[in-house]
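Asks: Before we start, here is the structure in question, set down as structure tokens.
The values are calculated or read from the model by the stated rules, or taken from the named source; none is laboratory data. Note that the structure is predicted; figures quoted are calculated from it, not measured. As a convention, Cβ positions derive from the backbone with ideal geometry for all residues, glycine included, and neighbour counts pool all protein chains shown.
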Amino acid sequence: MSTRNYEAMFILDNNAATADFEGTSAQVDAILERHGASIVQKDKWDERKLAYEIRGHRRGTYYLTYFTAEPDAIRKINEDVQLNEVILRHLVLTLELPIQEHIDNQADEREKLAEDSRKNSLGGWGGGRRGDRRPAPPRKRESEGEKTEGAKPDGAGSEKQEAAPAAAPQPAEAAAAGEKNES
């Protein structure tokens, strides 16, 4: 069977990772290698506040790995990861591109986002010096003599006819319509 390229993100117990990151990440690496995965690259990201509490933890340390493995090994890796108390969450993705090409593309995208962020922070509507801002377009005011949209002259027919709002269906009609749709 042929091997495939994978990217996996692990959220590790922050207390264990802060105390001994090498030992904590070695547990992840051991699980991958136990099932025949060959680790190509691994990166410690950073410690972050979690969006919601996971097993009593409010913070986690992110650990990204790129590896090659046989497709059958992924199920076994997932099972072992779920049994490990140090790993709070994980996600394994299959890569369509070779690993190095994928990493280079990700780096290019991050650089473009950083450049856009730098450009946007230098001026324009969101920031910069006050003199750099363009004035807002003038607001159009209705004079007292003009009629507002939708107003009609004293019962005289206007060229523009507004559609009357549709009446809300009665509860009995709605229930009958629901019964027809179910069958």
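Asks: Can you tell me which residue in the stretch 16-45 is nearest to residue 81 (Cα to Cα), limited to those that are more than 26 Å from the chain's Cα centre (by Cα) and hydroxyl-bearing (Ser, Thr, Tyr)?
Replies: Out of the qualifying residues, it is 24.
Asks: Another question, then. In the set 65, 3, 18, which member is of a type in the set (Ser, Thr, Tyr), in contact (Cβ under 8 Å) with a residue 12 or more places away in the chain, touching a helix residue (DSSP H, G or I) at 6+ places or on another chain (Cβ under 8 Å) and on the phi < 0 side of the Ramachandran plot?
Replies: Working: 3 fails: touching a helix residue (DSSP H, G or I) at 6+ places or on another chain (Cβ under 8 Å); 18 fails: touching a helix residue (DSSP H, G or I) at 6+ places or on another chain (Cβ under 8 Å).
It is 65.
Asks: Search the stretch 38-54 for residues that are under 21 Å from residue 26 (Cβ atoms) and among the β-branched types (Val, Ile, Thr) and pair each with any residue that is assigned to a strand (DSSP E or B) and at pLDDT 90 or above when their beta-carbon atoms are under 7 Å apart and the residues are at least 6 apart or on different chains.
Replies: 39/65; 39/67; 40/66; 40/67; 40/68
Asks: List the number of the failed condition for residue 80; all other conditions in (1) part of a helix (DSSP H, G or I); (2) exposed (fewer than 14 other Cβ atoms within 10 Å of the Cβ) hold.
Replies: (2)
Asks: Let me ask you something else. Take the conditions among the aliphatic types (A, V, I, L, M), in contact with a Gly (Cβ under 7 Å, 6 or more places away or on another chain) and within 30 Å of residue 52 (Cβ to Cβ) and apply them to residue 113. Does it pass? Even if it seems obvious, please write down each step before you answer.
Replies: Details: among the aliphatic types (A, V, I, L, M): yes; in contact with a Gly (Cβ under 7 Å, 6 or more places away or on another chain): no; within 30 Å of residue 52 (Cβ to Cβ): yes.
Spelling it out, it is not the case that residue 113 is among the aliphatic types (A, V, I, L, M), in contact with a Gly (Cβ under 7 Å, 6 or more places away or on another chain) and within 30 Å of residue 52 (Cβ to Cβ).
Asks: Return the residues of the stretch 30-62 that are in a loop (DSSP other than H, G, I, E, B) and among the charged types (D, E, K, R); say none if nothing qualifies.
Replies: Here is the first cut: in the stretch 30-62, the residues in a loop (DSSP other than H, G, I, E, B) are 35-37, 55-56.
If the condition is that a residue be in a loop (DSSP other than H, G, I, E, B) and among the charged types (D, E, K, R), then 55 is the only one that fits.
Asks: So which residues in the stretch 1-24 are surrounded by fewer than 20 Cβ atoms within 10 Å (Cβ to Cβ) and of a type in the set (Ser, Thr, Tyr), if there are any at all?
Replies: Passing the criteria: 2, 3, 18.
Asks: Could you check how many residues of the stretch 83-94 are buried (at least 16 other Cβ atoms within 10 Å of the Cβ) and among the aliphatic types (A, V, I, L, M)?
Replies: Within the stretch 83-94, residues that are buried (at least 16 other Cβ atoms within 10 Å of the Cβ) and among the aliphatic types (A, V, I, L, M) number 4.
Asks: Right, here's the next one. Which ones in the stretch 48-66 are more than 17 Å from residue 93 (Cβ to Cβ) and surrounded by 14 or more Cβ atoms within 10 Å (Cβ to Cβ)? Steps first, answer last, please.
Replies: Filtering the stretch 48-66 for residues more than 17 Å from residue 93 (Cβ to Cβ) gives 48-61.
Within the stretch 48-66, 50, 54, 57, 59, 60, 61 meet the criteria.
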